[in-house]
Amino acid sequence: MEFKQGEIYWVMMKDTATTGAEQKKDRPYVIVSRNQINRLGQHVVAVPFTSKLRHACAHRILIPTTQMVPNPACARKLVDSVALTDHIRVLDKSRLEQPKMGDLSETARLGIEGALAYVFDIR
């Protein structure tokens with residue numbers, strides 16, 4: 001199975017040990033690692049989404065459904081979301097529920113890329 005940057009997957013996290021404010025609910029994640037890395041390893045780097053739109057700010061990017069392309073083969077529905085770029089996570093590929101939920105637009109991907117540069121202080 002090939003995973004690509006910008007794809008959105010439902011991820012099961014309830015069985016994962018978490019502490020404090022770490023994301024522990026099952027939720028959509030968008031893959032942010034580059035495609036070459038995604039092909040080589042058993043993991044991807046991803047950013048979780050929340051449907052709590054009030055969490056949007058300079059580094060938490062609002063992603064409306066108009067910036068997502070749904071996968072008609074997936075029963076899960078995409079909703080307006082906020083990409084929690086300060087909760088970036090490495091995920092084993094087996095956690096990504098098939099089929100994918102959809103894909104981000106190029107505009108949304110660039111927004112997340114800019115937010116990650118802000119979080120990591122990359123100039």
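The values are calculated or read from the model by the stated rules, or taken from the named source; none is laboratory data. As the structure is a prediction and not an experimental result, all values here were calculated from the model. Backbone-built Cβ (ideal geometry, glycine too); neighbour counts: all protein chains shown.
A few points about this structure:
- Of everything in the stretch 11-38 that is within 13 Å of Arg95 (Cα to Cα) and among the hydroxyl-bearing types (Ser, Thr, Tyr), the residue that is modelled with the highest pLDDT is Tyr29.
- Among the residues of this structure, Thr85 does not count as one that is without any contact (Cβ under 8 Å) to a residue 60 or more places away in the chain and more than 13 Å from the chain's Cα centre (by Cα).
- Filter result (under 22 Å from Thr65 (Cβ atoms), in contact with a helix residue (DSSP H, G or I) (Cβ under 9 Å, 6 or more places away or on another chain) and of a type in the set (A, V, I, L, M, F, W, C)) within the stretch 104-123: Leu104, Ala108, Ile112, Ala115, Leu116
- Among residues of the stretch 35-52 that are touching a residue at least 12 places away in the same chain (Cβ under 8 Å), those with a Cβ under 6 angstrom from a residue that is of a type in the set (Gly, Ala, Ser) and assigned to a loop (DSSP other than H, G, I, E, B), sequence gap 6+ or separate chain, pair up as Val44/Ser33; Val45/Ser33.
- Within the stretch 39-62, tally of residues that are more than 15 Å from Gln5 (Cβ to Cβ) and in a strand (DSSP E or B): 6
- Members of the stretch 39-51 found to be of a type outside the set (Gly, Ala, Ser) and within 18 Å of Ala108 (Cβ to Cβ), listed by number: Val44, Val45, Val47, Pro48, Phe49, Thr50
- If you go through the stretch 63-121 and keep only what is surrounded by fewer than 17 Cβ atoms within 10 Å (Cβ to Cβ), aliphatic (A, V, I, L, M) and part of a loop (DSSP other than H, G, I, E, B), you end up with Ala73, Ala75, Val79.
- Scan of the stretch 44-55 for residues that are closer than 24 Å to Val90 by Cβ and surrounded by fewer than 18 Cβ atoms within 10 Å (Cβ to Cβ), ordered by number: Ser51, Lys52, His55
- Some residue of the stretch 69-87 being acidic (Asp, Glu) and within 16 Å of Glu2 (Cβ to Cβ): no
- Restricting attention to the stretch 53-73, the residues being in contact (Cβ under 8 Å) with a residue 40 or more places away in the chain and farther than 24 Å from Tyr118 by Cα number 0.
Yes/no per residue for (1) modelled with pLDDT of 95 or more; (2) within 13 Å of the chain's Cα centre (by Cα); (3) β-branched (Val, Ile, Thr):
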site: Leu53; (1), (2), (3): yes, no, no
site: Ile63; (1), (2), (3): yes, yes, yes
site: Arg76; (1), (2), (3): yes, no, no
site: Val119; (1), (2), (3): yes, no, yes
